[in-house]
1. If the reach is capped at under 18 angstrom between alpha carbons, list the aspartates and glutamates near K54, excluding any in the same chain fewer than eight residues apart.
2. For segment 2-99, what is the charge dipole size about the Cα centre, in debye to the nearest 20, if Lys and Arg each add +1 at the Cβ and Asp and Glu each add -1 at the Cβ?
3. Quantify, in whole percent, the carbon and sulfur part of the accessible surface of the chain (1.4 Å probe; protein heavy atoms only).
4. Rounded to the nearest whole Å², what accessible area per residue is found for the chain with the 1.4 Å probe?
5. So, counting K/R as plus one and D/E as minus one, what does the shell of residues with Cβ under 11 Å around S74 add up to?
6. Thinking of the chain as a set of Cα atoms, what percent of all their pairs are more than 24 Å apart?
7. Please list the equivalent ellipsoid semi-axes of segment 53-101, computed as the square roots of five times the alpha-carbon gyration tensor eigenvalues, in descending order and whole angstrom.
8. Just want to confirm a number: the relative contact order over the chain, from Cα pairs under 8 angstrom separated by 6+ residues, in percent.
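The values are calculated or read from the model by the stated rules, or taken from the named source; none is laboratory data. Predicted model, so just to flag it, every value in this text is computed and none were measured. Here the Cβ positions follow ideal geometry from the backbone for every residue, glycine too, while neighbour counts run over all protein chains shown. Each accessible area value is taken on the protein alone, full model and side chains, heavy atoms only, with ligands, DNA and RNA left out. Shrake-Rupley method; radii C 1.70, N 1.55, O 1.52, S 1.80 Å.
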Amino acid sequence: MLFFVKKPFCDQIKAGLKTIEIRAGKRYQNIGIGDKQSINGHFYVKVTSRRVFKTKTALFNFLKIRHKKAGFPSLAAAKRACSELYPDATGPYFAFYISMG
């Protein structure tokens with residue numbers, strides 16, 4: 001599967017700073033541990049772990065202490081981005097731990 005990622009996040013992934021990729025929707029439910037995902041068609045990351053959340057509230061509780069690993073300077077920034085990217089999403093929400101490879 002191809003993950004489209006904005007340039008600042010792409011750069012963070014390449015640098016090893018962004019190690020959690022957040023996605024919403026059932027289309028991501030078949031991505032498993034060990035799967036490789038293309039980032040913008042330029043390079044691959046490997047899924048090392050995954051978490052599934054039924055609600056945005058559960059996702060945000062997860063991100064309270066992990067927002068920087070997801071590429072956000074604060075939990076508030078993560079909430080804003082999720083609201084912009086997934087305004088109508090009702091879940092499920094996925095947090096994929098990724099590594100270069």
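1. Partners within reach: E21, D88.
2. On the way: 19 positive and 5 negative charges, 42 e Å.
The dipole of segment 2-99 has a size of about 200 debye.
3. Details: 3180 of 5850 Å².
Exposed carbon and sulfur together represent 54 percent of the surface.
4. Details: 5850 Å² over 101 residues.
Value returned for the chain: 58 Å² of accessible area per residue.
5. Details: positive: K64, K68, K79, R80; negative: none.
Spelling it out: positives minus negatives among the neighbours equals +4.
6. Values: 664 of 5050 pairs.
So the portion of pairs separated by more than 24 Å is 13 percent.
7. Numbers: eigenvalues 58, 36, 23 Å².
Whole-Å semi-axes of the equivalent ellipsoid: 17, 13, 11.
8. Working: 161 pairs, mean separation 43.1, N = 101.
Relative CO of the chain lands at 43 percent.
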